[in-house]
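> Here's a structure for you.
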Amino acid sequence: MNEERASAERGRDVVIRIRRRRPAEEWRLGRLLSWSTAALFGDPLMILAPLFGVVVMMMWVFAVGAPARADVMLPLIALPPLDAFLDVGVIELADRAALEIWALRTVALALRLVVFGVLVALAVQRARDELPSLGAATHTLWRRARTFAFLELVSFAIFGVSLTLGADLASVRDDGAIGTALLFGVLILAGTFLAAADGLPAGQAFRRGNVWLLRRRVGHLALVLLYGFASNGLFRLAAAGEAVPRAFPLTLYAFVAALVTMWFLLAFARRYVLLYRPDRPALPG
């Protein structure tokens, strides 16, 4: 009896403490990818815009005589400078006069300016928790056209033209040096385009878009590597099997690759807005 009474008294003295776990910060990788998934599939415009971009770029590459291959179709909508490398490569697949090459490069640059400019403007809108608007995105493109054009020119000149000199277009996925250089380009250009869409001039956009070098480096590096693995994995799937892929499955793969690119662009944009915008307080590294 005494033992039961002592046990009851001890039971009354026991305090159960519930340790509440703090939710992960929104800029953590898992939260970013979860947010970008909801952002991509939560608004039809975020899906339709990259798919329409695929159609526009598909008409472009076929007009210049590019074959319907996985290494041509999948990077139709890609983060810079992968898109510039593709455009320069398909132009140089055929023997052309120098004047014609430079004219086609100018057309390619203008197309990328419009297509990717609209996508990056939409991504920044959504990352600010605004309702995505195609009208607002085109207005941003109009206001930031010179800055976007300069950044696209940098992408074409440094990564597109230089990496295609003496290189085969099909080797982009197999040549480790070229692949590494392109991922390095994504590292420095992804944030730069986002900062430009946020209203900063080219020089400030480059500095603000690469603040990740000073703090929170791992998340940015992880996003770039995941994007590389995802795009390369899709390419392997699309290129497997038949020597000459059928048009319908290859087009579906191109659409999926465009959505994957938009998914990562949203993640980059959200991370930029949360961590690196000029109006955000500096976080310790």
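> List the helices (runs of 4 or more DSSP H) inside the stretch 31-91, counting only whole elements, that have at least 3 residues being farther than 19 Å from GLU130 by Cβ and touching a Lys or Arg at 6+ places or on another chain (Cβ under 7 Å). If you could, list the steps in order and put the result at the bottom.
Working: elements: 44-63, 70-73, 82-91.
Per the criteria, 82-91.
> Mind checking which pairs have a first residue in the stretch 147-171 that is over 16 Å from PHE206 (Cα atoms) and a second that is modelled with pLDDT under 70 and not in a helix (DSSP H, G or I), Cβ under 9 Å, 6 or more apart or different chains?
Between residues of the stretch 147-171 that are over 16 Å from PHE206 (Cα atoms) and residues that are modelled with pLDDT under 70 and not in a helix (DSSP H, G or I), the close pairs are ALA167/ASP175; ASP168/ASP175.
> Only one residue in LEU82, LEU122 is surrounded by 24 or more Cβ atoms within 10 Å (Cβ to Cβ), out of contact with any Cys (no Cβ under 8 Å at 6 or more places or on another chain) and closer than 19 Å to SER231 by Cα, so which one is that? Break it down into steps so the answer makes sense when it comes.
Numbers: LEU122 fails: closer than 19 Å to SER231 by Cα.
Being surrounded by 24 or more Cβ atoms within 10 Å (Cβ to Cβ), out of contact with any Cys (no Cβ under 8 Å at 6 or more places or on another chain) and closer than 19 Å to SER231 by Cα holds for just one of LEU82, LEU122, which is LEU82.
> Right, next: Taking the criterion of being modelled with pLDDT under 90, part of a helix (DSSP H, G or I) and under 17 Å from LEU86 (Cβ atoms), would at least one residue in the stretch 210-220 satisfy it?
no
> Consider LEU200 against the criteria (1) over 18 Å from GLY117 (Cβ atoms); (2) modelled with pLDDT of 90 or more; (3) surrounded by 18 or more Cβ atoms within 10 Å (Cβ to Cβ): it satisfies all of them except one. Which criterion is unmet?
The single condition LEU200 does not satisfy is (1).
> Same structure, new question: Let me spell it out: the conditions are (1) in contact with a helix residue (DSSP H, G or I) (Cβ under 6 Å, 6 or more places away or on another chain); (2) of a type in the set (Gly, Ala, Ser); (3) part of a helix (DSSP H, G or I), and ALA103 meets all of them except one. Which number is the exception?
(1)
> How many of the residues in the stretch 126-148 are surrounded by fewer than 23 Cβ atoms within 10 Å (Cβ to Cβ) and in a helix (DSSP H, G or I)? So that I can check it myself, show each step before the final result.
We begin by selecting, within the stretch 126-148, every residue surrounded by fewer than 23 Cβ atoms within 10 Å (Cβ to Cβ); these are 128-139, 141-143, 145-147.
Next, from what is left, pick out any that are in a helix (DSSP H, G or I): 134-139, 141-143, 145-147.
The total comes to 12.
The values are calculated or read from the model by the stated rules, or taken from the named source; none is laboratory data. Computed from a prediction, not measured in an experiment: that's the story for all the values here. So basically every Cβ, Gly included, is an ideal-geometry build from the backbone, and we count neighbours across all protein chains shown.
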